Amino acid sequence: MELSYEETMQRIAEREKDDLDKYIDSFKNSDLDPEIISYQIKKREKQIKSAYCRENHFPWSVDVFKGEHQIIVVPYVTSMFWYGIAMARYRILNENESPETIGKAILDSFEHISRSPVDARTPAERAEDSYRKETKCKSYKAFNKKYMCVGIKVENEQMEYRVSTSINSFDNNGYCDIEGNKPVILPNTASAVDIGNAVINAFKIIEEHKKSLKPDPYPPVEIELLLGKTVITSPPRDSHFTDCDDCGAAELYKAYVYYPKEGADSSAEFYLGIAAELDCDISEDNIRKAWEELHGKAELFEVKPVEHGIWGLRAEMKNKSVHRISYLLQIDESELLDCTMELRKPNSRKKLDEKLTVLFEEFAGKCRLKEIC
């Protein structure tokens, strides 16, 4: 479903009012001077007004997906929270449609974007409107694996069309540009046939690129550290891991989370980060104290010097809650690099514990440092 302009503005106004009312309620038992409270409320009201987007903004985007013998043309619009969101109005075409039909569906989508308000649907409404319901895919990963994607963007009022190729990421969590392949730029006078042909050619480029790739689903990853150095590592070679980047945590550089099956809770993580809890003190007593504060009393605990790739110290702890192994490297006096495996409930996951321990030793051993010039 798509909301009218009036419905959209009403929903945004209601959200703003709810946010402001909650803020005002927080001062009910406050001892602050009423003038200060009034000033804070007016300030918060301005912040709330700017936090909600009320106008659709450039760039305008349309994605064209191809797979399962069909083409899905999906326009995107700015949401009231300032990010792009797929619209409810998408088109399903046969994969063998003519360039004119494909191009016309894309032009119609841009016309619809230009007339649409920002998106104010609820998450449940968006899920109900999802274009993926038109496929046989039960998850985004499955969709990403089966469908190719060509993106068309209009950056500004000049209305030039930028047609870009993309391929699915190695972990099937999104799409990324094909390295070295530049977008095709079409003028604002481009016809439906011109745009349709550009999209068809882009799909051909994607198909050829996929054929040319060597089948390595776990390419090396470069991770820039704080102090002018880069760690190069390879993701865990197991399809149950998902690359979660830094998980939104300031002390993490890269995290790979293990899900035993689709829809299940995670069982373990491998991650590279800063061992903030140790405060650069790698004495055995300090490591034990810090870890037991995090994980409870250790049933097994060991710290020993090692020569394992770039790492010089290995620490291990185990109890009924967690099996943790960490490799540590002092980068300088203020940064202690940490490569860690954490497996939850190891006593009930003995086979998985054995498997992941071997995999983690390989993961840690492949880490290497590269100076940034």
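The values are calculated or read from the model by the stated rules, or taken from the named source; none is laboratory data. A quick note: this is a predicted structure, and the numbers were derived from the prediction, not measured. Counting neighbours? That spans all protein chains shown, and the Cβs are built from the backbone with ideal geometry, glycine included. Areas reflect the complete protein model, heavy atoms only, side chains present, ligands, DNA and RNA absent. Shrake-Rupley method; radii C 1.70, N 1.55, O 1.52, S 1.80 Å.
So the values come out like this:
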quantity	calculated
Residue in segment 280-301 that is assigned to a loop (DSSP other than H, G, I, E, B), more than 17 Å from Arg324 (Cα to Cα), touching a residue at least 24 places away in the same chain (Cβ under 8 Å) and out of contact with any strand residue (DSSP E or B) (no Cβ under 6 Å at 6 or more places or on another chain) present	no
Ser267 vs. criteria hydroxyl-bearing (Ser, Thr, Tyr), buried (at least 17 other Cβ atoms within 10 Å of the Cβ) and farther than 21 Å from Leu328 by Cβ	yes
Residue that is most open to solvent (accessible area, probe 1.4 Å), among those in segment 212-232 that are modelled with pLDDT under 80 and under 17 Å from Lys145 (Cα atoms)	Lys214
Residue within segment 283-294 that is surrounded by 18 or more Cβ atoms within 10 Å (Cβ to Cβ) and either under 28 Å from the mean Cα position of the chain (by Cα) or closer than 23 Å to Pro235 by Cα (or both) present	no
Pair list, Cβ < 8 Å and 6+ apart or interchain, from segment 1-23 residues that are outside any helix (DSSP H, G or I) to residues that are open to solvent by 50 Å² or more (accessible area, probe 1.4 Å) and of a type in the set (Asp, Glu)	Met1/Glu128
Count - residues of segment 294-315 that are modelled with pLDDT under 95 and of a type in the set (Asp, Glu)	1
Residue in segment 160-171 that is farthest from Glu262 (Cα to Cα), counting only those that are part of a loop (DSSP other than H, G, I, E, B) and open to solvent by 40 Å² or more (accessible area, probe 1.4 Å)	Glu160
Condition broken by Asp245, with the remaining ones in (1) under 30 Å from Phe170 (Cα atoms); (2) open to solvent by less than 60 Å² (accessible area, probe 1.4 Å) satisfied	(2)
Criterion violated by Tyr147 - all others in (1) open to solvent by 20 Å² or more (accessible area, probe 1.4 Å); (2) in contact with a Phe, Trp or Tyr (Cβ under 8 Å, 6 or more places away or on another chain) satisfied	(1)
Any hit, segment 296-308, residues being under 29 Å from Glu222 (Cβ atoms) and open to solvent by less than 60 Å² (accessible area, probe 1.4 Å)	yes
Subset of segment 172-205 [outside any helix (DSSP H, G or I), open to solvent by 20 Å² or more (accessible area, probe 1.4 Å), touching a residue at least 24 places away in the same chain (Cβ under 8 Å) and under 27 Å from Tyr218 (Cβ atoms)]	Asn172, Asn173, Tyr175, Asn181
Members of segment 73-94 that are farther than 18 Å from Asp119 by Cβ and open to solvent by less than 50 Å² (accessible area, probe 1.4 Å)	Leu93
Boolean, Lys66 is surrounded by 11 or more Cβ atoms within 10 Å (Cβ to Cβ), touching a residue at least 60 places away in the same chain (Cβ under 8 Å), of a type in the set (Lys, Arg) and within 30 Å of Pro117 (Cα to Cα)	yes
Residues that are part of a strand (DSSP E or B), small (Gly, Ala, Ser) and open to solvent by 10 Å² or more (accessible area, probe 1.4 Å), drawn from segment 309-318	Gly312
In segment 322-372, the residues that are among the aliphatic types (A, V, I, L, M) and farther than 23 Å from Ile282 by Cβ	Leu352, Leu356, Val358, Leu359, Ile372
Failed item in (1) within 25 Å of Asn172 (Cα to Cα); (2) of a type in the set (Phe, Trp, Tyr); (3) open to solvent by less than 70 Å² (accessible area, probe 1.4 Å); (4) out of contact with any Gly (no Cβ under 7 Å at 6 or more places or on another chain), with Phe110 passing the rest	(1)
In segment 1-37, the residues that are small (Gly, Ala, Ser) and over 16 Å from Lys49 (Cβ atoms)	Ser4, Ser26, Ser30
Inter-residue pairs, beta-carbon under 6 Å, first at negative phi and in segment 98-117, second assigned to a loop (DSSP other than H, G, I, E, B), 6+ apart	His112/Arg89
Condition broken by Ser169, with the remaining ones in (1) under 30 Å from Leu369 (Cβ atoms); (2) over 24 Å from the mean Cα position of the chain (by Cα) satisfied	(2)
